[in-house]
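For reference, the structure is listed below as structure tokens.
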Amino acid sequence: EAVPEEKGGAVAEPISSHTWIFKDGTSVDAEYVLRIGTDIVLETARGRHKKYPVDGFTQDDLDYITLIVPPELKLELSKKTAQRRIKHDAEGLIGIIEHTFTPKISTDDKDYDHRLKVDYWVIGSEINGSQYLLLDKGHDFFVPSECEDGKFQFSGKTRDLYKWTLKVNYNENRGERYKGFLITVTDERGVIIAHRSSPTWLFKHLHKLKKLGVGSFMDDECNQVWPTPLKEPAIL
């Protein structure tokens, strides 16, 4: 099942001035602008644009250009589910939904030959509660030029989500359900070049999300919290 995504985008650092050292021994401090055919356009500190032939650049600077102009990536998350019932009688219901989450990355740029790191986090929300919980997280690496058809995917462990109702004392539906995810892609510099986030506040609080373990409960700022308490039992 493909999971729709709400928001994504590149968050790479702004391109800054760089010292370009050419094969003939000359150098210039300038910002990269774009590549046009066999020329690369640089912008000097005075704001002037100047073309330089590609074959005049060193391999180190060509690699640098590849890093600061990352490929466009499409990020998706799919989930496979299976349901099983543990208990269903006059005293209540306990059921489990098994989830396996799979991040999927694709790009049309099959020449990008630098390693990228994919991290993902999947969250759930409480049934009849106000908190969230971390259902799954993981990471893996890939090089777009080494992927067939520019596609890469990997799956996490199967995770169980419980749903239960106790009719003795508590007549309340409780449990967990899938809520959303965050996927980030980081390049060799340690810069996040793309992300998809649903809900969007996951990426906003990424620094705190990284500290949580699978199974942790949290609020909508990724602060670790206790689960929502049960209601007071009915008096028989």
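Key figures for this structure:
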quantity: Matching entry among Gly95, Gly138 (being open to solvent by less than 70 Å² (accessible area, probe 1.4 Å) and without any contact (Cβ under 8 Å) to a residue 40 or more places away in the chain); calculated: Gly138
quantity: Count - residues of the range 149-164 that are over 15 Å from Thr107 (Cβ atoms) and at pLDDT below 90; calculated: 3
quantity: Filtered residues of the range 165-199 (kept if open to solvent by 60 Å² or more (accessible area, probe 1.4 Å) and modelled with pLDDT under 95); calculated: Leu166, Lys167, Val168, Asn169, Tyr170, Asn171, Asn173, Arg177, Glu188, Arg189
quantity: Close pairs (8 angstrom Cβ cut-off, 6 or more residues apart or separate chains): more than 18 Å from Val41 (Cβ to Cβ) in the range 62-76, open to solvent by less than 50 Å² (accessible area, probe 1.4 Å) and of a type in the set (Phe, Trp, Tyr) anywhere; calculated: Pro70/Tyr112; Pro71/Tyr112
quantity: Filter pass, Ser216 being closer than 22 Å to Thr100 by Cβ, open to solvent by less than 10 Å² (accessible area, probe 1.4 Å) and among the polar types (S, T, N, Q); calculated: no
quantity: Some residue of the range 79-88 being surrounded by 15 or more Cβ atoms within 10 Å (Cβ to Cβ) and of a type in the set (Gly, Ala, Ser); calculated: no
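The values are calculated or read from the model by the stated rules, or taken from the named source; none is laboratory data. Just so it is clear, the model here is predicted, and its values are computed rather than measured. Neighbour counts are summed over all protein chains in view; Cβ atoms, including those assigned to glycine, are modelled from backbone coordinates with ideal geometry. Surface areas here come from the heavy atoms of the whole protein model, side chains and all, with no ligands, DNA or RNA. Shrake-Rupley method; radii C 1.70, N 1.55, O 1.52, S 1.80 Å.
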